[in-house]
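Peer 1: I am attaching a structure below and will ask some questions about it afterwards.
Where a number appears in this text, it was derived from the coordinates with a stated rule and is not lab data. What you see is a predicted model, and the numbers here were worked out from it, not measured in a lab. Quick reminder, even Gly has a Cβ in these numbers, built from the backbone with ideal geometry, and neighbours come from all protein chains shown.
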Amino acid sequence: MSPCFMCARLRRGILVTEALKRNCNILALGHHGDDSVETLLMNMFFSGVARALPPWYEAERGMTVIRPMLLCLEEDIREFAALAEMPIVDCPCPGKQRDLMRMKMKRLVSGLSSEHGRMIMESAIGGLGNIRPDSFCDPNILRKR
């Protein structure tokens, strides 16, 4: 388990606790489409699992977690934030390093995007909602055929 994974779980736990103190049962996180694509690539390349960020899930203690910006591109969010004069809070991790897996995935996608434009990320994000289960080698899916 990576330090980033642990830190994210701790932050989410704090957010859930604070939301429950305020009698909230839905927690909206700020993940965007780029995050989901990067997560999918990391999971496929380093864990052997085709798994991205879910748009919503039921968390502990009756909390529903939603990610309303999963279909948005990071560059669009940054542009909107600049126009609206809203601050963007990047990862607060004091140990953030350029060689972390997410940064590697970000550079990989950035390289493709610099060659092919925003179509790369638009297609990748669109693909997250256009799954063809029969094209995977998952034995659970193959048995159902």
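Peer 1: Amide H of Leu27: which non-local residues (sequence gap of 5 or more, or other chain) have their own amide H closer than 5 Å, using H built in the peptide plane?
Peer 2: Residues meeting the criterion, in which the H sits 1.01 Å from N, are Thr64, Val65, Ile66.
Peer 1: Same structure, new question: For Ala59, what is the net charge nearby, where nearby means another residue's Cβ is under 14 Å from its Cβ and Lys, Arg count +1, Asp, Glu -1?
Peer 2: Value of the local net charge: +2.
Peer 1: Something else about it: So how do Thr39, Thr64 line up by other beta-carbon neighbours within 10 Å, fewest first?
Peer 2: Thr64, Thr39
Peer 1: Magnitude of the Cβ-charge dipole of the chain, K/R +1 and D/E -1, about the Cα centre, nearest 20 debye?
Peer 2: 620 debye
Peer 1: Something else: Considering all projection directions equally, how large on average is the shadow of the alpha-carbon convex hull of region 3-135, in square nanometres?
Peer 2: So the mean shadow area of the Cα hull is 9.9 nm².
Peer 1: Percent of alpha carbon pairs in region 4-74 separated by more than 19 Å?
Peer 2: Pairs farther apart than 19 Å: 40 percent.
Peer 1: For Leu142 and Leu83 in one chain, what is 0.36 nm times their gap in residues minus the Cα-Cα distance, to one decimal in nm?
Peer 2: Answer, rounded to one decimal: 16.4 nm.
Peer 1: Then there's this: Could you put Arg67, Arg9, Arg143 in order, starting from the residue whose Cβ has the fewest other Cβ atoms within 10 Å?
Peer 2: If I rank by nearby Cβ atoms, fewest first, I get Arg143, Arg9, Arg67.
Peer 1: Next question. Given the DSSP H assignment, sum -39500 (n - 2.57) over each helix run of at least 4 residues in the chain and divide by its residue total; what's the result at 222 nm in deg cm²/dmol, nearest 500?
Peer 2: -14500 deg cm²/dmol
Peer 1: Using the charge dipole of the chain (Lys, Arg: +1 at Cβ; Asp, Glu: -1 at Cβ; taken about the Cα centre), state which of Phe136, Met103, Gly33 has its Cα farthest towards the positive end.
Peer 2: Among Phe136, Met103, Gly33, the one farthest towards the positive end of the dipole of the chain is Phe136.
Peer 1: I've got another one for you. Measuring from label point to label point, each 7 Å out along Cα→Cβ, what is the Ser135 to Glu115 span in nm?
Peer 2: In this crude spin-label approximation the distance works out to 2.0 nm.
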